[in-house]
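> Pasting a structure here, questions to come.
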Amino acid sequence: MKYLIVSDNHGDQAILQTLLKTYKTQVDAFIHCGDSELNFKDPMVQEMTIVCGNMDFDAQFPESATLEVGTDRIFVAHGHLWGVNYGLDKLYQAGLKNQANLIFYGHTHQLACTMDQGRLLLNPGSISQPRGQYAYLRGTFAIVTTEAKKIVVDYYNRQLKPVPNLHFEFKK
């Protein structure tokens, strides 16, 4: 299965439109980890799973989502309600409670990718307002591919180009 994960576009609808137009038929799920600042009635909302971030004020967006796609179970949260600025323990426990093998989050504006006890924890970084070590990329999103024996993670920049040093492979 293949997933596109994006977060924290903060009202930059043009980049979401570009991503949807380019990848809609190439991925099994398009997942937004919050702070889209979209109106729930925006047509783009119907084309992706979106959770509520701390800058989303439409109460119709859920605080978290759990998806089942193929053999994957995915837990998605923005992260602010799980204290991700102070560690990933609460988020990890929420993923565990939801029996997720993939846990996607945003909020920090910093990309992160780690495997812990068979569970992938991934932050795609902010597509529009990046911070931290990879801020020079001016925005990132991730594509996660799950196969029978491995999970592959590739990060891309706003120009839809893969970032060579941000390719990861994990055994399942």
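The values are calculated or read from the model by the stated rules, or taken from the named source; none is laboratory data. Model, not experiment: these values are computed from the prediction. Every residue, glycine as well, gets a Cβ built from its backbone with ideal geometry; the counts of neighbours run over all protein chains shown.
> Out of all the residues in region 71-102, which are surrounded by fewer than 16 Cβ atoms within 10 Å (Cβ to Cβ), within 23 Å of A29 (Cα to Cα) and among the charged types (D, E, K, R)?
Selection gives K97 alone.
> Suppose we filter I50, I15 for residues that are surrounded by 20 or more Cβ atoms within 10 Å (Cβ to Cβ) and either within 19 Å of G79 (Cβ to Cβ) or not hydroxyl-bearing (S, T, Y) (or both); which single one remains?
That would be I50, the only listed residue that is surrounded by 20 or more Cβ atoms within 10 Å (Cβ to Cβ) and either within 19 Å of G79 (Cβ to Cβ) or not hydroxyl-bearing (S, T, Y) (or both).
> Tell me which of these R158 doesn't satisfy, since it passes every other one: (1) in contact (Cβ under 8 Å) with a residue 40 or more places away in the chain; (2) basic (K, R); (3) under 19 Å from A29 (Cβ atoms).
If we test R158 against (1) in contact (Cβ under 8 Å) with a residue 40 or more places away in the chain; (2) basic (K, R); (3) under 19 Å from A29 (Cβ atoms), just (3) comes out false.
> Any idea how many residues of region 18-39 are closer than 14 Å to G53 by Cβ and surrounded by 20 or more Cβ atoms within 10 Å (Cβ to Cβ)?
Residues in region 18-39 being closer than 14 Å to G53 by Cβ and surrounded by 20 or more Cβ atoms within 10 Å (Cβ to Cβ): 7 in total.
> I'd like to verify a number: residues in region 103-122 that are in contact (Cβ under 8 Å) with a residue 40 or more places away in the chain and surrounded by 23 or more Cβ atoms within 10 Å (Cβ to Cβ), how many?
The number of residues fulfilling the criteria is 7.
> Evaluate the following for I50: is it in contact (Cβ under 8 Å) with a residue 40 or more places away in the chain and of a type in the set (V, I, T)?
Judged against the criteria, I50 is not a match.
> Pairs please, first residue from region 16-31 and closer than 9 Å to K2 by Cα and among the β-branched types (V, I, T), second anywhere and modelled with pLDDT of 95 or more and outside any helix (DSSP H, G or I), Cβ atoms under 8 Å, 6+ apart in sequence or on different chains.
V27/K2; V27/Y3; V27/L4; V27/I143
> Is it the case, given these coordinates, that A94 is more than 15 Å from F141 (Cα to Cα), assigned to a loop (DSSP other than H, G, I, E, B) and either of a type in the set (A, V, I, L, M) or touching a residue at least 12 places away in the same chain (Cβ under 8 Å) (or both)?
Considered against the rule, which asks whether it is more than 15 Å from F141 (Cα to Cα), assigned to a loop (DSSP other than H, G, I, E, B) and either of a type in the set (A, V, I, L, M) or touching a residue at least 12 places away in the same chain (Cβ under 8 Å) (or both), A94 comes out as no.
> So which residues in region 29-63 are outside any loop (DSSP other than H, G, I, E, B) and under 20 Å from L122 (Cα atoms)?
Once the filter is applied, which keeps residues that are outside any loop (DSSP other than H, G, I, E, B) and under 20 Å from L122 (Cα atoms), region 29-63 yields A29, F30, I31, H32, T49, I50.
> While we're looking at this one, here's another question. Sort out which residues of region 113-132 are of a type in the set (A, V, I, L, M, F, W, C) and out of contact with any Leu (no Cβ under 7 Å at 6 or more places or on another chain), and write them in order of number.
Selection gives M115, L122, I127.
> Limited to region 54-79, what total is found for residues that are free of Cβ contacts under 8 Å to residues at least 40 places away in the same chain and out of contact with any helix residue (DSSP H, G or I) (no Cβ under 8 Å at 6 or more places or on another chain)?
Qualifying residue count, region 54-79: 12.
> Restricting attention to region 123-138, report how many residues are part of a loop (DSSP other than H, G, I, E, B), crowded, with 24+ Cβ neighbours inside 10 Å and out of contact with any His (no Cβ under 6 Å at 6 or more places or on another chain).
Looking only at that region, the number is 3.
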